[in-house]
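What follows is a single structure, written as structure tokens, with notes after it.
We did not get these values from a lab; they are worked out from the coordinates using the rules stated. All values reported here derive from a predicted model rather than from experimental measurement. Don't worry about glycine lacking a Cβ; one is built from the backbone with ideal geometry, like all the others, and counts go over all protein chains shown.
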Amino acid sequence: MKSQDQSSTKHFDSLENPPQNKFEYVNCYNCNNDDFEILLIGQDDLTGKAGNFRYVKCNTCDFVYQNPRVKAEQIKDFYDDDYIAHDRNKKKEGIKAKGFEHGLKVHDGKKEKIITDHYNVTDKTEILDVGCAIGTFLLHMNKKHNAKVSGVDFKDISNYPEAAAINSYVGLFYEQDFKDKKFDVITMWHFLEHCYDPKRTLKTAHDILADDGRVFIEVPRLDSLTYLLQGKRWPGVQAPQHLTMFDKKKFIEFCEEAGFEVEEYMAWGAFPAYFYIYFGFLFRFWGGKGILLDNHFIPYTLGLILMSPILLFEKWLNLCMQTVVLKKKK
Ligand SMILES: [Zn+2]
């Protein structure tokens, strides 16, 4: 066992994490071997919480994962109110609020388009969003297509009056009791890379998918242009919330091993690539001190306007995202 020798432990100890950070040593999520090389040391660039988080690449199968990783019971400390996915119900005022709301609408519309390009959504379609946060995407699909919508997350949204249409499951996805319910469309928008057991997650999705259903998964793409340019400050590292990072090859293999067939692979996603371009370079400059999203509204918007001619070609540039459409292997 090469990696558990003294040099690996010493390397990690030398990162001097604050005592409140609780770690656990893990084997490769993909092949269960314990033999790796260090890929990078990430920091919490988004909120600036202290810590140095090590990501390694498996020498047997090339899978990239956080090791040692922050223990599951502690990870919630790294999701605070400024974390973007959970920031949606905050009351904001004026033009910022309008801009933010518009951004979310565009985002949900892009997700919808990816789905309707591959599945005929009707009022009979059962949609499950894994990691649904406060459910804006599900509400969008319910409103536009009258689809039946369910969501899983740690946050209980069942008491939000505006989320009444959502059948809400609270807790870990693979520990839910779905009884015999099957879903036609299962979505994971930036969920899998946060998951402590991505294999079990994909297996669970396979079990509860209707025979002619589709699974849509979007994750950051490690072998992309922004990672190449931004390295450990790449927003796709998002330490320590991201436990795994996928390149194209590994992502496809991982899905296929769970019993899926890839119907389509896309080197882009619903999430705006510009976010990665802007914040990745900002993180490089700012170096792990954390940022307040609110302060970036104007420069972000100006940059977006300047870059818009390039972003028209987003789907062909392999900037940062990847999305797969999966069906059950026949
Ligand atoms: Zn491996």
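So here's what we get for this one:
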item: Equivalent ellipsoid, region 148-288 (semi-axes from 5 times Cα gyration tensor eigenvalues, Å); result: 29, 20, 13
item: In sequence order, calculated HN-Hα J values of region 253-263 (Karplus, 6.51, -1.76, 1.60; Hz; x Gly/Pro); result: 4, 4, 5, 5, 5, 7, x, 9, 10, 7, 6
item: Phi-based couplings in Hz for region 69-76 (Karplus 6.51, -1.76, 1.60; Gly and Pro marked x); result: 10, 5, 4, 4, 5, 9, 4, 4
item: Whole-number percent relative contact order across the chain, with pairs defined as alpha carbons under 8 Å at least 6 apart; result: 19
item: Alpha-carbon Debye profile of region 209-330, log10 I(q)/I(0) at 0.11, 0.22 Å⁻¹; result: -0.43, -1.25
item: Percent antiparallel among DSSP beta bridges (both partners in the chain, rounded to 5); result: 55
item: Calculated log₁₀ intensity ratio I(q)/I(0) where the Debye formula runs over C-alpha points of the chain, q = 0.14 Å⁻¹; result: -1.21
item: Percentage, to the nearest whole number, of Cα pairs in region 261-330 over 19 Å apart; result: 47
item: Karplus-derived 3J(HN,Hα), 6.51/-1.76/1.60, for each residue of region 198-204, Hz, glycine and proline x; result: x, 5, 5, 4, 5, 5, 4
item: Protection proxy ranking, peptides 190-200, 162-172, average beta carbon neighbours within 10 Å, highest first; result: 190-200, 162-172
